[in-house]
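To keep things clear, I will list the structure first and then write my remarks on it.
The values are calculated or read from the model by the stated rules, or taken from the named source; none is laboratory data. Keep in mind the model is a prediction, meaning the values are calculated, not measured. We place every Cβ from the backbone using ideal geometry, glycine too, and count neighbours over all the protein chains shown. With ligands, DNA and RNA removed, areas are computed over all heavy atoms of the protein, side chains included. Shrake-Rupley method; radii C 1.70, N 1.55, O 1.52, S 1.80 Å.
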Amino acid sequence: EQFLLRVFVEDKRTAPQGVSAAYTDVTFDASRVAVAGPIEYGPRYSSDTSGNMATAGLIDEAGGAAGNTPVGGDRLLLFSVPLQANAAGQVTFTLDAADDLPSHQTLLSGQTAPVAEDSIARGAATLEIKVALDARDDLFNTDEDSQNIALDVLANDTLKGLARQQLTVTSVGPASQG
């Protein structure tokens, strides 16, 4: 199943003028989630864009700048990335500081100095990926004297959204309907 990771920025000063540039790293469990498309930058952050997704489980140095016009104190979309869920379980997306300094410092409108890293609230979000099983009833006809007949009871069942997982039978019990 595909979903969209969206990263927002907001100027939390008492008289906010806006975040004029922001960059961040996003880490996540690559065994559960994979990047499914390119980074799309927010409409206000289309200058000096950056972002590398060559390493599985890492969106590196992603972000952009708003230019010289103050963007205001509203919460604004910095960037979004389409992702693909590949396995069930919990996955946490963690924002970390950008490493390419001073190029990727966080800047605020109306302030000449970059924002100190300890003044930035970077968050994390945990997502539970669940399996959506579409199990269908099976109907097989055999001759009553037949022996050693293989019946593919999974042929008409599917896991929705988890492209890399395969259905398997893990146990068989006695018949309950005759």
Exercise for review: Give the residue, chosen from Leu101, Leu77, Leu58, Leu5, that is open to solvent by 20 Å² or more (accessible area, probe 1.4 Å) and modelled with pLDDT under 95.
Suggested key: Leu101
Study note, to complete from the structure: The lone condition Leu133 fails out of (1) at pLDDT below 90; (2) surrounded by 10 or more Cβ atoms within 10 Å (Cβ to Cβ); (3) on the phi > 0 side of the Ramachandran plot is (3)
Check your understanding: How many residues does segment 101-144 contain that are in a loop (DSSP other than H, G, I, E, B), of a type in the set (D, E, K, R) and farther than 24 Å from Lys12 by Cα?
Key -> 6
Study note, to complete from the structure: Filter segment 81-92 for residues that are part of a strand (DSSP E or B) and open to solvent by less than 20 Å² (accessible area, probe 1.4 Å); the one that is farthest from Ala22 (Cα to Cα) is Gly89
Practice item. Pull up segment 145-167, narrow it to residues that are assigned to a loop (DSSP other than H, G, I, E, B) and modelled with pLDDT under 75, then point me to the one that is surrounded by the most Cβ atoms within 10 Å (Cβ to Cβ). Key: Leu162
Practice item. Confirm whether Gly72 is surrounded by 13 or more Cβ atoms within 10 Å (Cβ to Cβ), in a loop (DSSP other than H, G, I, E, B) and among the small types (Gly, Ala, Ser). Key: yes
Point to revise | Residue that is touching a helix residue (DSSP H, G or I) at 6+ places or on another chain (Cβ under 7 Å) and over 30 Å from Leu167 (Cα atoms), where the choices are Ala66, Ala62, Ala21, Ala97 | key: Ala97
